[in-house]
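All remarks here apply to the structure that follows.
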Number of protein chains: 2
Amino acid sequence: MSDLDKIFNPCSLAVIGASGNRMKFGSRFLNAFLKMGFKGKLYAVNPVAESCLNCSGYRKITDIPGPLDHVIVCIPAKYLPMIIEQCVQKGVNSVAIYASGFSESGTSKGLQLEKQLATIARKSHLRIIGPNCLGIYCPSTGLSFRDDLPQKAGTVAILSQSGGIAITSILSATERNIYFSKAISYGNESDLQATELLAYLAQDNQTSIIMFYLEGTKNGHKLFHTLKMASAKKPVIILKGGISEAGNRAVISHTGALAGTPATWSAAIDQSGAIQVFSLEELVDTTLALMTVKPPRGRNLGLISISGGSAVNLADLSIRMGFSMPPFQEHIKKELSKLLNDPGTGIQNPVDMAAAFFYTDNFKNVFQLLDQDDGLDIIIMHVSVEHLIRFKEIIPNKDTLILQAISDALLTLHKPFALILPYTLLDDQRKIFQKQLLDKQIPVFPTIERALQAIKHSLKYHKTRIKK
Amino acid sequence: MSDLDKIFNPCSLAVIGASGNRMKFGSRFLNAFLKMGFKGKLYAVNPVAESCLNCSGYRKITDIPGPLDHVIVCIPAKYLPMIIEQCVQKGVNSVAIYASGFSESGTSKGLQLEKQLATIARKSHLRIIGPNCLGIYCPSTGLSFRDDLPQKAGTVAILSQSGGIAITSILSATERNIYFSKAISYGNESDLQATELLAYLAQDNQTSIIMFYLEGTKNGHKLFHTLKMASAKKPVIILKGGISEAGNRAVISHTGALAGTPATWSAAIDQSGAIQVFSLEELVDTTLALMTVKPPRGRNLGLISISGGSAVNLADLSIRMGFSMPPFQEHIKKELSKLLNDPGTGIQNPVDMAAAFFYTDNFKNVFQLLDQDDGLDIIIMHVSVEHLIRFKEIIPNKDTLILQAISDALLTLHKPFALILPYTLLDDQRKIFQKQLLDKQIPVFPTIERALQAIKHSLKYHKTRIKK
C-alpha cells in the first residue's frame, strides 16, 4: 500500500475538536464518519477528554492507546504546530486540517505558520492535507466531511481546492445518479500537492472520470504534465476558478493561489487533453455525458419532440450550439410517413410526434427508423413534464407507461442518445421521472443546450484520443 | 366595446365536440371553463345533443336558445365550413378553431378549406381565431384552454402561434409568480391576425408586458410597424421560431408560415425596439427581470456569496456574461473589513461572507455598504440551497431566518438587486424558498448566467427608451 492508499484506507481516526457540543465542526466530522459507516476505531480529542457520540474522548492524540492512522483537525490555526508535532510523535500517517488563517489569509504570520507545518511534516512520514480544506470523502471506506453525502460509492473522483465546490459538486452529481470513488478537498497544498493526488487518481482502478476544481498552482509545469498523463488514461474535467480579473481577486482572498491569465490556462488545459468547463452545471453534465452517452461519431443530430413549437425551438437551439440536423434519408422519411400521418405530426428532422405520442407502440418504430438513418450520429428525445403529468390525469399510470415505452425504445438504439426532461415544471414528479430514467442508464438533461454542450466535450475528448 | 374586447368578455360560450365522453378534447375545454369559474352560459354541442358536465347539450349551435358570443370548435377540419356558416347564422361574435389539417398541412385541400372559412367570416362580423390553435386564456373572465392554468390574473400577456409554447410559457411563468392578463394561441391567422392582437395588447390597460412566440408572418412590413408601436408602449419579448434551416423545416410542417432568414429577423426585431430571446427559459427570465428588477444604470455588478469557491466562479461567469465587477471603493472596503474580519471571509468584490453568513444581523450592514458604493449599478446575492438546508438541520428554522434576513436586507436597497437560488439541489425545499422570496418581490433566478442575460435585456430596453 502506498502512502496515498493509506490515506483512503485508515483503520483508526481521531477528530481534534470533537466534543460533547454537537454544534462544533469537530463533532460534525465525527458524526459524518459514523453515518458513513466507518468500520475502524474513532476517537474524539478535546481539552476535557469528553466523549462524543459514543466515541471515547482524549485530551491529546498521544494519550490514545494503539495506533492512529488519520487525524482531522478542527481547532484554530495557532494550535497547529503543536498538533502536528504530536501527530509525528504518535506515528500518524495523514492529517487533514480544516482551519483557515494560513497562507490564504495573505498575512506573513499565516504564511509562516503554514511553512512551519510543512517543515515538521517533511522531517517525518506524516502527510498533511490542507490546511484550509475539508479532507477526504471515500464512501467505500467510510470517510466523509459531511453527514449528508451518499454512502453509495461510484467511479467518479473529485479533486477540489475548494471545500464548498466539492460539496456542491457531490450533492448535485448525486441528483443525477453520479456517485464517487473519492473526493479530496485539498486546500492550501502545504504538503500534499494537487499534482500528487491527480497522479494517484489517474492510476486508481476505482476511478474512471476525474473532476477537478482548481484556483491556481505553485508549479504550472508539473501540473501541465500530470494533467497530460492523467488525461491520456481517463477524462479529466476542469473547472478553473479565477479566469477573470474579478475572479482572480476572489481567488487571492480564498486560497491565495496564483491564478495566471485565462488564455494561458485555456491553452494549457486544451493541450493537456483535459476538458475545460465553466460552471458547476457544465461539470456535472459533462460527467454524465461521459458516463452514459456513447461517444458519437459527429454532430449530426436527429431530434424527436412531441409538440410543434418545441420542435422548432429545439432545432434552432441545436443549430446555435453548433450541431447539424440533416433532413432524414428518403427511405427513412417514407417509412416515417407511414407511421406518423395524422394532421399535426411532422416527419422532417425534427420529428413532431404530436398526438401519436399518446400511442406508446409508436416509439420503438420511430426510434428504430432514425437509428437506421446513416446521416445521423446521435438521437435526442424531448419530453415535457407538463405533458406527462397531463396524460396521468387523463389515464392513470399513463405517464409511467409513456416513459417506460420511451426508455425501452431508446435502449434498443445502436446510436448514442439522450433525453431532455426540462425544468419547466419543478414538480416533484419531475424528480421521480428523472430518477427512473437514470436508473435505466438513460442520460437525462434539463435543456438541450446543456445536453449538447456536454456531448460536445465528450466528442472532442474521444476524437483527441483516437488521433493519438 | 371593440370586436376584440368582446372576444375576451363573452357572456355565453358553446364548445362543439363536447359530449358525455370526458376524454374528448371538446369536453376538456368545457371542463377548463368550469374550473376557471366562467360566469356566463355554457353549452355542449354534439351529434346526439348529450349534456356534458351539467351543461345542456345541443345538436347544433343554431338550436341554442338566446344569444351566443364565442364558440370553440373541436371537431375535424372537414366540418368547419358548415360550422362557420352556422356561426354566422347564429350571430356569433368569435370562434376559435382547435382542428388542424388546414394551410399548415401543406396540402392544396387544406389551404382551400382555410380560405373558404375566411371568405365566409369576412362577409359577416364573425372573427375566426386559428384554425390550428387553442384560442383564448383570460383568467379575469374565466376563459381557458386547459383546466390546470392558474385562475389568478396578472399583467403579462402572451401571443403565440403555437399552443404548446403558450401552455409551457404560462405554466413555467406561474412557477416564478408571473401571472397573465390574456393569452392567445392564434395558430394559422385565417382571419384574426397576430398584428391585430399585438396592437390590441399594446393598448390593453391590463397588460404591462407582452410575450410573443411567432414562427412567421404573411405581412412582415405590418408586423414590423406594429412591433415598433407596441414596443414604444411596453416591453415586447419575442421568441422567434425557425431561425435555422432545420427550425424552418419544422416551422413549415408546424404552422406553414414563411420564416425568413435569421439575420433579417434579428435586425427587424432589434430595430423595432422589441427584445429577442432564444429559449423559453430566457423568455420567462426576461419577463421576471422586467417585472421585479429595477432598471439598472449600467453593468457594474456587486456580488455577495457565502462560499469562496462559488464567489470565484460567480465572478468569472459574470465577466463572461459581459458585466464588470469593479473593486469596492476604499471607504466601503474599510467599513466592510470591520464587519467581516474572520479568517475565510473575502471583502473584495465579490464578498465571501463565509461563516459570517450564519449571523443574520450581518446582512443588512453588508448590503447597505454595497448600496452606498457609487461604482456599483446592481447587487446580486448567491445562496445555495444545500447551505440553507444544512443550517436548518443544525438549528430549527435557521433556513427561514436566514432567508428572512436576506430578504429584509435586499428590500432596503436603493440599487437594483437579484438573488440566485441554484437548482443544484432540486429539493422540495427549494421551491418553497423560491415562492417565499418571490412573494416578497425578491427576483429569484436559478443561475447567475440566466439572471444576467435577463437583466441585460432589461438594461437595453430601458436605455433605448431613454434615448427616444
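The values are calculated or read from the model by the stated rules, or taken from the named source; none is laboratory data. What you are looking at is a predicted structure, and each value in this text was computed from that prediction instead of being measured. Virtual Cβ from ideal backbone geometry, glycine too; neighbours counted across all protein chains shown. Heads up: the accessible areas ignore ligands, DNA and RNA and are worked out on the full protein's heavy atoms, side chains in. Shrake-Rupley method; radii C 1.70, N 1.55, O 1.52, S 1.80 Å.
Below are the figures for this structure:
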item: Aspartates and glutamates whose Cα lies under 19 Å from that of B:LYS6, excluding same-chain neighbours fewer than 8 positions away; result: B:ASP69, B:GLU189, B:ASP191, B:GLU196, B:ASP204
item: Test item: A:383-390 mean partner chain Cβ contacts at 10 Å; result: 3
item: Extended-chain gain in nm, criterion 0.36 nm per residue less alpha-carbon gap, B:ASN205 and B:HIS225; result: 5.1 nm
item: Helix B:428-439 axis, angle to chain B major axis (alpha carbon atoms, nearest 10°); result: 90
item: Residues with amide H under 5 Å from that of A:LEU143, placed H, sequence gap 5 or more; result: A:CYS138
item: Largest to smallest principal axis extent of the C-alpha atoms in the range A:3-133, angstrom; result: 40, 31, 25
item: Restricting the range A:134-236 to trypsin sites (Lys or Arg not before Pro) in coil, as DSSP defines it, with at most 14 other Cβ within 10 Å; result: A:LYS152, A:LYS218
item: Share, in percent, of DSSP beta bridges within chain A that are antiparallel, nearest 5; result: 10
item: Average beta-carbon neighbours from other chains, 10 Å sphere, peptide A:315-327; result: 5
item: Accessible area expressed per residue, chain A, with surrounding protein chains retained (probe 1.4 Å, Å²); result: 37
item: Percent carbon-and-sulfur accessible area, the range B:146-259, ignoring ligands, DNA and RNA, probe 1.4 Å; result: 54
item: Alpha-carbon centroids, the range A:266-334 and the range B:1-42: separation in whole Å; result: 42
item: Within-11-Å neighbourhood charge of B:GLY101 [Cβ basis; K, R +1; D, E -1]; result: -1
item: At most 16 other Cβ within 10 Å, DSSP loop - trypsin sites (Lys or Arg not before Pro), the range B:1-59; result: B:ARG22, B:LYS39, B:ARG59
item: Entries of B:LYS234/B:LYS294; B:LYS35/B:LYS78; B:LYS24/B:LYS78 with Cα pairs more than 22 Å apart; result: B:LYS35/B:LYS78
item: Among beta bridges that DSSP assigns inside the range B:3-132, antiparallel share in %, nearest 5; result: 5
item: Reachable lysines from B:LYS338, criterion Cα separation under 18 angstrom, eight or more residues apart if same chain; result: B:LYS364
item: The protein assembly as shown: calculated mean residue ellipticity at 222 nm from DSSP helix runs of at least 4, using -39500 (n - 2.57); result: -13500 deg cm²/dmol
item: Crossing angle, helix B:80-90 versus chain B [Cα axis fit, 0-90 degrees, rounded to tens]; result: 80
item: Inter-chain Cβ neighbour average for residues B:298-311, partner chain, 10 Å; result: 5
item: Taking N as its residue count, the alpha carbon Rg of chain B over 2.2 N^0.38 Å; result: 1.13
item: Reduced Cα scattering model of the protein assembly as shown, Debye log10 I(q)/I(0), q = 0.07, 0.09 Å⁻¹; result: -0.63, -0.97
item: Counting DSSP beta bridges with both ends in the range A:301-467, the antiparallel % (nearest 5); result: 10
item: Descending Cα extents along the principal axes, the range A:301-467, whole Å; result: 52, 36, 27
item: Set of aspartates and glutamates near B:LYS415 by C-alpha distance (under 13 Å), chain-local residues within fewer than 8 positions excluded; result: B:ASP371, B:ASP373, B:ASP374, B:ASP377
item: For A:ILE83, net neighbour charge (Lys/Arg +1, Asp/Glu -1) across residues whose Cβ lies under 11 Å away; result: +2
item: Rounded Å value of the spacing that divides the Cα centres of the range B:369-434 and the range B:68-106; result: 51
